[in-house]
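Q: One structure follows; several queries about it will come next.
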Amino acid sequence: MKSPKRLWQLFTTFFRIGAFTFGGGYAMIPLIQRETVEKHGWISDDDILEILAIAESTPGPIAINSATFVGFRVGGVLGSACATLGVVLPSFIIISLIAVLLRDFSDLKPVRYAFFGIRAGVLALLLKALWTMFKKCPKKVVSYAIVACAFVLSAIIDLNVLIIIAASAVVGLTASLISERRKDK
């Protein structure tokens with residue numbers, strides 16, 4: 001069993017990530033990377049890419065899936081429970097408070113302006129996460145083709161994201177197998 005101190009660290013780290021990130025899981029990616037890789041050294045940059053790929057392709061929000069995977073790597077089953085609870089609890093508390101208060105204040109201009117600013121900040125966080133992942137991804141023609149096709153299929157054709165993820169995985173796996181066979185010859 002992992003130490004209670006490590007479990008508490010997992011909980012508080014992911015509680016902070018959940019509490020101070022607006023915009024959902026993608027906006028949390030830079031914070032998750034900074035906290036788990038740079039600050040605590042629990043996992044590596046390569047691990048974070050693998051965790052994000054798995055978290056993106058499994059059902060559920062990416063932030064919760066990422067917290068669960070990191071928690072499991074660091075503290076086993078209890079670690080995953082602590083990290084998951086930590087990342088979910090702030091949203092639960094905030095949404096409960098907002099539900100009570102927003103009914104009365106949603107028509108106020110300052111509230112509307114605040115949400116406008118929050119959306120702009122979230123966009124910046126998403127772009128930073130995209131840039132970080134781009135720098136870590138393999139720079140191959142197949143990778144660029146997968147990105148371009150996935151973008152066209154999701155943004156323009158509006159194909160189901162699950163189909164795009166599955167197809168991207170199949171194409172990536174096939175390209176990797178073909179590349180490995182060519183190396184062996």
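Q: Could you tell me whether A53 is in a helix (DSSP H, G or I) and within 13 Å of C82 (Cβ to Cβ)? Step through it out loud before you land on a result.
A: Working: in a helix (DSSP H, G or I): yes; within 13 Å of C82 (Cβ to Cβ): no.
The answer is no for A53.
Q: Same structure again: Please work out if D158 is assigned to a loop (DSSP other than H, G, I, E, B) and modelled with pLDDT of 85 or more.
A: For D158, the condition - assigned to a loop (DSSP other than H, G, I, E, B) and modelled with pLDDT of 85 or more - is met.
Q: Now for a different question. Which members of region 160-172 meet the condition of being surrounded by 15 or more Cβ atoms within 10 Å (Cβ to Cβ), without any contact (Cβ under 8 Å) to a residue 40 or more places away in the chain and among the hydrophobic types (A, V, I, L, M, F, W, C)?
A: Result: I164, A167, V171.
Q: Regarding A175, is this residue at pLDDT below 85, over 24 Å from V70 (Cα atoms), open to solvent by less than 60 Å² (accessible area, probe 1.4 Å) and of a type in the set (G, A, S)?
A: Details: at pLDDT below 85: no; over 24 Å from V70 (Cα atoms): yes; open to solvent by less than 60 Å² (accessible area, probe 1.4 Å): yes; of a type in the set (G, A, S): yes.
No, not satisfied.
Q: Enumerate the pairs (first residue in region 142-156 and under 17 Å from L177 (Cα atoms); second residue anywhere and of a type outside the set (A, V, I, L, M) and in a helix (DSSP H, G or I)) with beta-carbon separation below 6 Å, excluding pairs fewer than 6 apart on the same chain, so at least 6 apart or on different chains.
A: I146/S168
Q: Now for a different question. Among the numbered conditions (1) over 30 Å from V161 (Cα atoms); (2) open to solvent by 50 Å² or more (accessible area, probe 1.4 Å); (3) under 17 Å from the mean Cα position of the chain (by Cα), tell me where L10 comes up short.
A: Every condition holds for L10 apart from (2).
Q: Output the residue which, of all residues in region 1-41 that are among the hydroxyl-bearing types (S, T, Y) and part of a loop (DSSP other than H, G, I, E, B), is modelled with the lowest pLDDT.
A: T21
Q: I've got another one for you. Hey, which of the helices (runs of 4 or more DSSP H) in region 60-155, taking only ones fully inside, have at least 3 residues that are within 15 Å of the chain's Cα centre (by Cα) and surrounded by 16 or more Cβ atoms within 10 Å (Cβ to Cβ)?
A: Numbers: elements: 62-105, 109-136, 141-151.
So the answer is 62-105, 109-136.
Q: Something else about it: Can you tell me which residue in region 28-59 is surrounded by the fewest Cβ atoms within 10 Å (Cβ to Cβ), limited to those that are over 11 Å from the mean Cα position of the chain (by Cα) and among the β-branched types (V, I, T)?
A: That would be T58.
The values are calculated or read from the model by the stated rules, or taken from the named source; none is laboratory data. These figures come from a predicted structure and were not determined experimentally. In this analysis, Cβ positions are derived from the backbone assuming ideal geometry, glycine residues included, and neighbour counts consider all displayed protein chains. For the accessible areas, the whole protein counts, side chains as well, though only heavy atoms, and no ligand, DNA or RNA atoms are used. Shrake-Rupley method; radii C 1.70, N 1.55, O 1.52, S 1.80 Å.
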